[in-house]
1. Semi-axes of the equivalent ellipsoid for segment 223-268, please: Cα gyration tensor eigenvalues, times 5, square-rooted, ordered largest first, whole Å.
2. So which chymotrypsin sites (Phe, Trp or Tyr not before Pro) in segment 47-106 are both in a DSSP loop and have at most 13 other Cβ atoms within 10 Å of their Cβ?
3. If you take the alpha carbon radius of gyration of the chain and divide it by 2.2 N^0.38 Å, what ratio comes out, to two decimals?
4. Could you please put Lys142, Lys75 in sequence from largest to smallest accessible area, using a 1.4 Å probe?
5. Between Glu174 and Glu322, 0.36 nm times their residue separation minus their Cα-Cα distance comes to what?
6. What length, rounded to one decimal in nm, is gained on full extension from Asp259 through to Glu3, with 0.36 nm per residue of separation minus their alpha-carbon distance?
7. Compute the acute angle (0 to 90°) between the alpha-carbon long axis of helix 150-166 and the principal axis of greatest extent of the alpha-carbon atoms of the chain; round to the nearest 10°.
8. Between Rg and the Kirkwood Rh of segment 168-279, both from Cα atoms, what is the Rg to Rh ratio?
Amino acid sequence: MMETVVSGIRSTGKLHLGNYYGAIKNFLKMQDEYNCYFFIADYHSLTTHPMPADLHGNVKQVLVEYLAAGIDPEKATIYVQSDVPEIPELYLFMNMNAYLGELERSTSFKDKVRSQPDNVNAGLLTYPVLMAADIIIHKATKVPVGKDQEQHLEMARTFGNRFNRMYNTEFFPEPYAFSLGQSLIKVPGLDGKGKMGKSEGENNAVYLSDSPEIIRKKVMRAVSDSGPTEENQAKPEAIQNLFDLLKLVSEESTYTHFDDLYNKCQIRYGDLKKQLAEDMIIATAPVRERINDIAADSAYLSKVAALGAEKARESASKTLREVREIIGFRKF
Ligand code: ADP
Ligand code: TRP
């Protein structure tokens, strides 16, 4: 039987190169080979972005960018999480089986406690439970995500297995984080430290919708240093990050060219950044060029969302019917 794939991106705004290389590039290749469900995680976005004024626009932005990137509604089921009420119902059941201690130990929860200490809501705590429900509701085994999501996948396996043990069944298969490449990807940001992300400040991320001028400006401002002083010296984090980005968007010969210059202490970071910006512009051009046209076609967007919701509910309601039966709910 064909394996099922599920993945989602939170609707918290524009997509960046981290989302593109960490998640979407994999979606594109998988939609030809697997039974794929790609959704927009709008419930998840409420844990950090609760404002009604932003909600619909952000969902639309992600839907438009999925389609502009080439995710094809004829091949994959594309849907909005909040169109599938079976997901929150499964989340409720899974919550009965998730322990406070393990939820508090999750890295993403601890990060959020640090970054938004005034809003440590229960939704943040149970975020991995909702994510598990997203995945196991379609009995998925493969989940294309970036490296940062590995722990969430481990928790999804824990919750699914616990359900199976509790009810003495083999109902849920184990889902694993998946990349078509050799390993899960972590795209670095432009600020010299850590990953690219929306919450790391405006200049850290390059968005798929950024114009070539903006991309040039952001990349030229990226953090670097005064250059190596010894031949073949190890690269400090900020410099390694620039090389990692080159590896993603540039030809191998370009990477080797700058790597050689670095090793000979002849590198000029201005030249590297110029090249990096141009290669990012080329890599994202096909997506960028389609965003405005797709965004203007409201009829198409509503058709895609309606079709996706119908297909996703078909699969989700079948699982939920069986789950209710396993748990022991009966009609009078
Ligand atoms: P963000 O981290 O920007 O808020 P999400 O959390 O919604 O975006 O992530 C959506 C997908 O994009 C996930 O699969 C995540 O692993 C991937 N992703 C996000 N940032 C990166 C990154 N810097 N490198 C690799 N993958 C990433
Ligand atoms: N937690 C994921 C992120 O922040 C988004 C997400 C929610 C997801 N539910 C999912 C990813 C299910 C894959 C499968 O990136």
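1. That gives 17, 13, 8 Å for the three semi-axes.
2. Passing both the DSSP loop test and the Cβ count: Tyr99.
3. For the chain, the normalised Cα radius of gyration comes out at 1.07.
4. Accessible-area ranking of Lys142, Lys75, largest first: Lys75, Lys142.
5. 51.5 nm
6. Result: 88.1 nm gained on full extension.
7. 10
8. Rg/Rh for segment 168-279 comes to 1.10.
The values are calculated or read from the model by the stated rules, or taken from the named source; none is laboratory data. Because the structure is predicted, anything quoted here is derived from the model rather than measured. Methodologically, a virtual Cβ is constructed for each residue, glycine included, from the backbone with ideal geometry; neighbour enumeration extends over all protein chains shown. Ligands, DNA and RNA are stripped out before the accessible areas are found, and what is left, the full protein with its side chains, is counted by its heavy atoms. Shrake-Rupley method; radii C 1.70, N 1.55, O 1.52, S 1.80 Å.
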